[in-house]
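Down below is the structure, laid out as structure tokens.
Laboratory data are not the source of any read-out in this text; all were calculated from the coordinates shown. Everything numeric in this text was worked out from a predicted model, so none of it was measured. Here Cβ is always computed from backbone atoms with ideal geometry, including for glycine, and neighbour counts include all displayed protein chains.
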Amino acid sequence: MSPLPVETKKKMLGQILMERNLIAEDQLRIGLEEHQRTGKFLGRTLVDLHFIDEKVLRKVLSIQSGIEAIKLQDYKINLEVIKKMPAALAKTYHTIPLKLENETLTIAVGDALNISAHDDISFILGYKIKVVLADSTEIEKMIEKYYGTETTNIEDLMKWLDKGTSTGTMLAARRGELANITTLEEIASQAPVVSLFNLVLVQTVKDNATDLHLEPFENDFRVRYRVDGMLYDLIHPSPDLAFALFCRFKIMAGMDIAERRVPQDGRIELAIGGREVDLRVNTIPTVFGECLSVRILDRGKSVLEIENVGLLESGVAKAEKIIKNPQGIILATGPTGCGKTTTLYALLRKLNSVDVKIITTEDPVEYLLDGAVQVPINAKIGLTFGSTLRHILRQDPDIILVGEIRDLETAEIAIQASLTGHLVLSTLHTNDAPSTITRLIDMDVEPFLLASSIIGVIAQRLLRILCPKCREEYQPDDAKLLELGLTPEQIKEEREKPFYRSTGCPFCKGGYKGQTAIFEILLSTEGFWKLVLEKRPTGEIRKKAIEDGMKTLLDDGLEKIHKGITSIEEVSKEVHGYA
């Protein structure tokens with residue numbers, strides 16, 4: 001392939017496609033809008049929309065990136081180079097290593113759309129990666145020739161990594177015989193340990209996991225991750241390699257690696273596969289050693305639009321009505337990890353414009369929002385929600401997001417801010433929307449102040465979405481519907497509507513793919529606050545909210561069931577007791 005002119009290499013993908021008359025202007029516009037909404041690579045988005053053929057796009061990407069196209073039969077591959085890449089990695093990414101020069105590993109790929117492959121391989125193996133383009137069929141033949149035809153997985157890669165570790169040294173350190181910092185740092189820096197650490201993180205981020213758990217037991221060590229709210233096994237490394245992995249996490253997170261008796265907290269910031277990832281690491285001592293938990297925050301993920309967080313049409317209308325208020329407090333409530341912050345940022349995105357000043361204070365900052373001033377909490381130096389909020393008010397904001405109302409001090413400052421012309425958004429841990437008021441009163445906030453400031457409460461729960469490729473319609477028995485808390489009369493009504501269930505396929509995990517939310521939106525009404533000020537029971541207050549138009553979590557869940565979005569099982573486990 002002849003070298004491309006510099007100006008061609010600098011052109012954007014959409015520009016090249018337009019110049020070659022491969023897509024129309026309106027197709028590019030639609031593709032860009034979808035790309036911004038989902039965060040997917042633009043080329044992949046255009047293929048998914050059927051605006052361009054994948055083979056044509058590969059050629060264009062090769063032109064745009066300047067990737068050299070080669071014929072594999074012209075290469076004589078040294079077996080020592082093959083040993084640099086394990087079979088599991090070559091087969092997972094459908095690539096073959098060609099040569100290693102000056103710590104740069106040249107690999108052949110057959111899919112120019114797979115732009116994250118070289119980043120992942122570089123991250124796992126620790127080499128700089130040069131990519132060349134080859135025929136997919138030729139690559140497949142080379143993989144079979146050098147690695148065999150057996151299917152491999154992450155466990156095979158584990159065995160490959162285990163071969164390179166200094167087992168004796170790690171065993172002694174694990175027992176405490178060599179528990180000094182220098183030895184532990186040496187263990188954590190061994191190439192196989194670094195590769196395993198990188199591999200685990202790549203797999204975790206690639207599968208969009210939210211949490212990672214390293215758990216020691218008497219005769220096993222388990223690494224699991226949480227995807228779409230469910231925990232799945234990832235690997236079971238040997239005890240020695242597991243100990244080294246622990247050391248690596250603790251060093252990277254700035255923890256005391258020699259201290260294993262007390263809980264510790266740390267933080268890691270990395271770029272994985274081109275995505276900025278923030279890892280919050282926590283350890284606790286157990287009877288079989290330390291247990292390590294990692295919360296994964298993907299800073300590169302797009303902030304969702306209000307229409308895409310799971311709100312149905314009526315919910316979107318209520319949310320838009322709430323945010324039209326120039327001042328007051330909007331609260332998102334629910335358990336940890338239910339998507340409260342995502343919902344608030346969707347509201348912020350709707351409000352974000354050049355004529356308003358938005359300031360957020362969070363622990364940690366989970367999303368980056370263009371045009372907003374974002375302040376991370378640091379309790380170690382006294383930068384708490386309460387103290388930060390006081391200073392934020394001096395910055396002349398129009399809209400304020402407070403990560404969480406945890407105490408009376410923060411609640412009172414938020415209320416005062418709302419009463420002095422600011423729109424305040426925050427979160428609270430409560431079971432449903434009406435009980436949010438009870439929770440704040442329990443914090444010793446005066447009810448009349450709540451009535452004057454709160455304009456809306458959004459309670460929510462996360463549910464898994466039925467896989468669109470394998471879901472099927474069916475008719476559940478009465479026992480299933482009773483799990484939802486329905487009465488016999490309600491069951492009779494529901495029988496006339498469609499229900500769906502998961503069956504499972506290669507595209508999904510157990511019949512589900514992705515997550516959505518169910519909502520309960522409470523709007524401020526005079527009748528509701530009259531009962532609050534009269535200190536009526538929570539049940540009575542809740543009943544009044546429903547009379548005033550609040551759709552319950554169960555109602556929203558049922559509507560999503562009938563639309564084929566989710567299943568009875570998903571809704572029943574989240575709404576039990578709060579319908």
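Couple of notes before you dig in:
- What the pair-distance distribution of segment 366-468 shows, using all Cα-Cα distances binned every 10 Å from zero, is 13, 43, 31, 10, 3 percent.
- Pairs of Cα atoms farther than 18 Å apart, segment 205-277, %: 50 percent
- Segment 225-298: trypsin sites (Lys or Arg not before Pro) falling in loop per DSSP and having at most 13 other Cβ within 10 Å: ARG261
- Computed P(r) (all Cα pairs; segment 439-494; 5 Å bins; percent): 4, 11, 12, 12, 13, 10, 9, 12, 10, 6, 1
- Within the shell defined by Cβ-Cβ distances under 15 Å, the residues around THR427 carry a net charge of -3, with Lys and Arg each +1 and Asp and Glu each -1.
- Quarter of Cα convex hull surface for segment 224-339, i.e. mean projection, nm²: 10.7 nm²
- The chain, helix-only ellipticity at 222 nm - DSSP H runs n ≥ 4, -39,500 (n - 2.57), divided by all residues, nearest 500: -11500 deg cm²/dmol
- Positive-end ranking of SER122, ALA346, GLY315 along the dipole of the chain, with charges on Cβ about the Cα centre, is headed by SER122.
- Of the chymotrypsin sites (Phe, Trp or Tyr not before Pro) in segment 343-411, not one is in a loop by DSSP (not H, G, I, E or B) with at most 15 other beta carbons within 10 Å.
- Cysteines in the chain that, by Cβ-Cβ distance, have no pairing candidate under 4.7 Å: CYS247, CYS291, CYS338
- Assigned charges on the beta-carbon of Lys, Arg, Asp, Glu; segment 190-340 dipole about Cα centre (debye): 340 debye
- About its Cα centre, the chain has a charge dipole of approximately 900 debye under the convention of +1 per Lys or Arg Cβ and -1 per Asp or Glu Cβ, with nothing else charged.
- Filtered trypsin sites (Lys or Arg not before Pro), segment 445-480: DSSP coil and at most 13 other beta carbons within 10 Å: LYS469
- Radius 12 Å from Cβ of CYS291, net charge of other residues (Lys, Arg +1; Asp, Glu -1): +1
- Taken one residue at a time, the phi angles of segment 218-231 give Karplus couplings (6.51, -1.76, 1.60, θ = phi - 60°) of 4, 10, 7, 9, 10, 10, 10, 9, 9, 10, 6, x, 10, 8 Hz. Gly and Pro are set to x.
- Segment 263-399: C-alpha pair distances exceeding 18 Å, %: 65 percent
- Taking the average, over residues, of other Cβ atoms within 10 Å as the packing measure, peptides 352-358, 482-488 rank 482-488, 352-358 from highest down.
- Relative contact order for the chain, counting Cα pairs under 8 Å that sit 6 or more residues apart, in percent: 9 percent
- Mean silhouette area of segment 434-543, derived from the convex hull of its C-alpha atoms and averaged over all directions, reads 9.7 nm².
- Radius ratio Rg over Rh of segment 374-430, counting only Cα atoms, Kirkwood formula for Rh: 0.93
- Amide hydrogen neighbours beyond the local backbone of THR427, cut-off 5 Å, H modeled: ALA332, GLU404, ILE405
- Computed over neighbours whose Cβ is under 11 Å from that of LEU331, the net charge equals +1, Lys and Arg +1, Asp and Glu -1.
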